[in-house]
Amino acid sequence: MMRRLLAILLENEAGALSRVVGLFAQRNYNIDSLTVAPTEDPTLSRLTLLTEGDDKKIEQVTKHLNRLIEVVKVIDLTDGAHLERELMLIKVRTEGGGHREEIYRTCRIFRGTVVDVAPDSYTVQITGPTEKLLAFMRAIGETSILEVVRTGVSGIGRGDKIFEL
Amino acid sequence: MTEMLSGGEMLIRALQDEGVEQIFGYPGGAALHIYDAIFKQQRVEHILVRHEQAATHMADGYARATGRPGVVLVTSGPGATNAITGVATAYMDSIPMIVISAQVPHDVIGTDAFQETDMIGISRPIVKHSFIVKKAEDIPGIVKQAFYIATTGRPGPIVIDVPKDTTDPNEQFAYEYPDTVSLRSYKPALKGHFGQIRKATIAMLQARRPVIYSGGGVVQGGADEELVKVARLTGFPITNTLMGLGAFPGDDPQFLGMLGMHGTYEANCAMHHADLILAVGARFDDRVTNNPEKFCPDATIIHIDIDPASISKVIAADIPIVGPAKPVLQGMVEALEAELPNHPIDSASLNAWWRRIERWREQHGLNHDQRERRSESGELLPQQVIQAVYRETEGDAYVTSDVGQHQMFAAQYYKFQRGRQWINSGGLGTMGFGLPAAMGVQLARPDATVVCITGEGSFMMNMQELSTCMQYALPIKIVNLNNQALGMVKQWQDMQYGGRYSHSTYRDALPEFDQLIRSFGHHSFSASSIDELDTVVAETFSPALKNKLVFINAYVDPDEHVYPMFIRGGSLEDMVLSKGNS
């Protein structure tokens, strides 16, 4: 099974997103993560959808997505060079001795930003590919992590090529 | 000057502008403004059903017989949910249908109001598309889009959910029906790729053991004529799916009969041993392929389908062609006519192939004279009933069916002559479909003979519609193969569950059908021997009863099985041919 990142342009209409999500449930496909927001053209939303499957399965997923009336365009970003970013907000325990400084140092190594400070915790914002986020969590250590919220992956193709209508 | 109309009036007016003549429905609170708009006009006739499920099957039968979309109108809540089975039935068989469901007013949506249900949510997986009316002014545009989407590309059902406030008779708007639709995200293929058609044609001319396998896409796409031309030009054997029957004449020697789970021995063997399969408007359903791993091991597969998602979904296509059956087959006829003078068909190979097929046909083909057969119990055989109806109607009736053994017997023994003549729920397999579907056909084709072949199990799922038949004087002929059991379930229990009939019989609890039918004001006959059958069938289709609904209650052998039948998990040639003989 291969990890696949699909980019989808969708009519920005009520109910359109539920058709996309419903399709994955109906056809027994997985959604590992999903991000969605309007584009520079307010009539269009762009989704980045992380799933997994072999070529045959992804071909079917793509065809079925294209069958939805409100889906305007679909591409598999993992077919070519592309960028992936995800944002994580993570609340970390900072009790006792040098622990607070150590967390802060780790945060800087990962180019994270402390966005909120409390007596016994930091809230850190960190962006990057999923791997980087996971690495940061490993570096902090399970026992220090209080709460994690991640946006899911957003993706864009590299170079001059543009995914548009 | 533009007319000023309320939302409810615009809805009905838009149906008129789409050329809709009949709609099938049932009123209720949220739909009453719309019903008042219906009352005030003459052009759209409303047929009042007894249950909303029947309304959808009627619209479905109407659509299958005519090719025009069937239109349904139901109220919110239970009206909408009752329609769901019919929407799913139409979706599985790609039937164009417009379902207008009334909805509670916008200001109470989401409050669990009386008769509120999320119709858009419930129907989402079983519609081609759906709309909710946000404001009355949008109604003409939505109706236009709905008809366009339902009838183009791969057809399918569309739901339009109409909150009551958008049909308020006190608010009027300038009505204008749009001439065209443009949707940037919906561009169905209008023709096939020329290069692919040519490539397919060349492969066909090189084939030694070819088979044409055509399905519902040829019927829905009105491509019967083009299919026959391709078959005649090539001389290839041809088989149809359950949904594709009629597209090629059933009594033609080039026709191998239906393929699949209960297909003929010769059709299934020919498919299995073929070196080339021309699949047209068929989707390699599991009831056709048996085990996909063992499906047609030597064949090059050409797959013509209007829906790219059908291609290579189950079986990988070697030469895919996306497009409607009609123009693609027409392109193929032209390509064949151009190529044939230079690359004639290898007639020696084709003749040898036909000899093999004829041997299969002789060995285990269907017995087309079942009259001489006698069941062990001496009871009437279901096949004999179908053959009697076939003879009496001269193969020319519209035939609808329900789901089960009777459906398979009808598909096997009624030789259909043209597309749209055979109407059944193939994909979803909806019991209760047959009678209302026949009603839709009869309303669309008032002068035609319309036969509903059913079983007592299926019939009892929508028999309330006998009352609707009386109201609208629908002279349907209902042929009930009464085996006093859920025959197909019982057959599987015989074959796979050691004859343990878990909840498949109700012998002592059945109604007296003759009395039941008569209580609705119709005619009814019973038959339990072949002589009785002959008399009853002749009388049923006689001019004296032409304008009457007639029900034939034929008591048939409860132990008869449908054969051939696939052996589960096997290839196409792995079939049980009769009890204990595989």
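Of the GluC sites (Glu not before Pro) found in the range B:1-38, those in coil by DSSP whose Cβ has at most 14 other Cβ atoms within 10 Å are B:GLU3.
For the protein assembly as shown, with equal point scatterers placed on the C-alpha atoms only and solvent neglected, what are the log10 I(q)/I(0) values from the Debye formula at q = 0.06, 0.10, 0.12 1/Å, to two decimals? The calculated log intensity ratios at q = 0.06, 0.10, 0.12 Å⁻¹ are -0.44, -1.07, -1.36. Taking other C-beta atoms within 10 angstrom as a stand-in for reagent exposure, A:ARG4, B:ARG355, A:ARG100 fall in the order B:ARG355, A:ARG100, A:ARG4, fewest first.
Loop-located trypsin sites (Lys or Arg not before Pro) in the range B:35-117 (DSSP state other than H, G, I, E, B) with a sparse environment of at most 11 neighbouring Cβ atoms within 10 Å: B:LYS40. Derived scalar couplings between HN and Hα for the range B:192-206 equal x, 6, 4, x, 5, 4, 5, 4, 5, 4, 4, 4, 5, 6, 8 Hz in order, rounded to whole Hz, by the Karplus curve 6.51 cos²θ - 1.76 cosθ + 1.60 (θ = phi - 60°), x for Gly and Pro.
Taking only the C-alpha atoms, wrap a convex hull around the range B:1-51 and report its volume per residue in Å³ as a whole number. All intermediate terms of the calculation are to be shown ahead of the outcome.
Numbers: hull volume 4.1 nm³, N = 51.
So the per-residue Cα hull volume is 80 Å³.
Counting only the Cα atoms, the range B:26-180 fills a convex hull of 110 Å³ per residue. Of the three principal axes defined by the Cα atoms of chain B, the extents in descending order read 75, 61, 45 Å.
One equal scatterer on each Cα of the range B:290-391, no solvent, Debye formula: the resulting log10 I(q)/I(0) at q = 0.20, 0.25 Å⁻¹ is -1.08, -1.22. In this structure, the residue pairs whose Cα-Cα separation is over 22 Å, taken from B:LYS128/B:LYS229; B:LYS128/B:LYS415; B:LYS40/B:LYS134; B:LYS134/B:LYS164, are B:LYS128/B:LYS229; B:LYS128/B:LYS415; B:LYS40/B:LYS134.
For the range B:121-274, the Cβ-based charge dipole about the Cα centre amounts to some 880 debye (Lys, Arg positive; Asp, Glu negative; other atoms uncharged). Each residue of the range B:302-311 was assigned a 3J(HN,Hα) from its phi angle through the Karplus expression (A = 6.51, B = -1.76, C = 1.60, θ = phi - 60°), giving 9, 10, 9, 8, 6, 10, x, 6, 7, 7 Hz with x at Gly and Pro. Pairs of C-alpha atoms in the range B:424-582 farther apart than 26 Å represent 35 percent of all such pairs.
Kindly rank B:208-215, B:335-342 from highest to lowest mean number of other beta carbons found within 10 Å of each residue.
Descending mean neighbour count gives B:208-215, B:335-342.
Listed by chain and number, the lysines placed with their C-alpha closer than 16 angstrom to that of A:LYS161 are A:LYS73; residues fewer than eight positions away on the same chain are left out.
The Cα-based radius of gyration and maximum Cα-Cα distance (Dmax) for the range B:132-207 are 20.1, 70 Å.
Can you put B:THR56, B:THR117 in order, fewest other beta carbons within 10 Å first?
Numbers: B:THR56 34, B:THR117 20.
Ascending Cβ contact count within 10 Å gives the list B:THR117, B:THR56.
Counting only helical runs of four or more DSSP H residues, what would the 222 nm mean residue ellipticity of the protein assembly as shown come to if each run contributes -39,500 (n - 2.57) and the total is spread over all its residues? It would help to have the intermediate numbers written out before the result.
Values: 25 runs with 257 residues, N = 747.
That calculation yields -10000 deg cm²/dmol at 222 nm.
Give the average, rounded to an integer, of partner chain Cβ atoms located within 10 angstrom of each Cβ in A:58-68. Don't skip to the answer; put the middle values down first.
Values: counts 0, 5, 3, 1, 2, 7, 4, 1, 4, 10, 4.
Across A:58-68, the average partner-chain Cβ count within 10 Å equals 4.
Sparse packing (at most 14 other Cβ atoms within 10 Å of the Cβ) combined with a DSSP loop state is found for the following GluC sites (Glu not before Pro) in the range A:124-165: A:GLU164. Treating each Cα of the range B:392-497 as an identical point scatterer and summing with the Debye formula, the log10 of I(q)/I(0) at q = 0.10, 0.18 Å⁻¹ comes to -0.27, -0.83.
With only Cα atoms counted, the range B:165-271 has Rg and Dmax values of 21.5, 71 Å. Of the beta bridges DSSP finds with both residues in the protein assembly as shown, what % are antiparallel, to the nearest 5? Here the antiparallel bridges make up roughly 45 percent for the protein assembly as shown. Amide hydrogen proximity for B:VAL181: with H placed 1.01 Å from N in the peptide plane, no residue at 5 or more positions away or on another chain lies under 5 Å. Ranked by the mean number of other Cβ atoms within 10 Å per residue, highest first, peptides B:220-227, B:136-143 order as B:220-227, B:136-143.
Bridging of B:LYS546 to lysines at a Cα separation below 18 Å is possible for B:LYS477, once same-chain residues fewer than 8 apart are set aside.
Computed from the coordinates by the stated procedures, all read-outs in this text should not be read as laboratory data. In this text, all values refer to a predicted model and were calculated from it rather than measured experimentally. Every residue, glycine among them, receives a Cβ derived from its backbone with ideal geometry; neighbour counts consider all protein chains shown.
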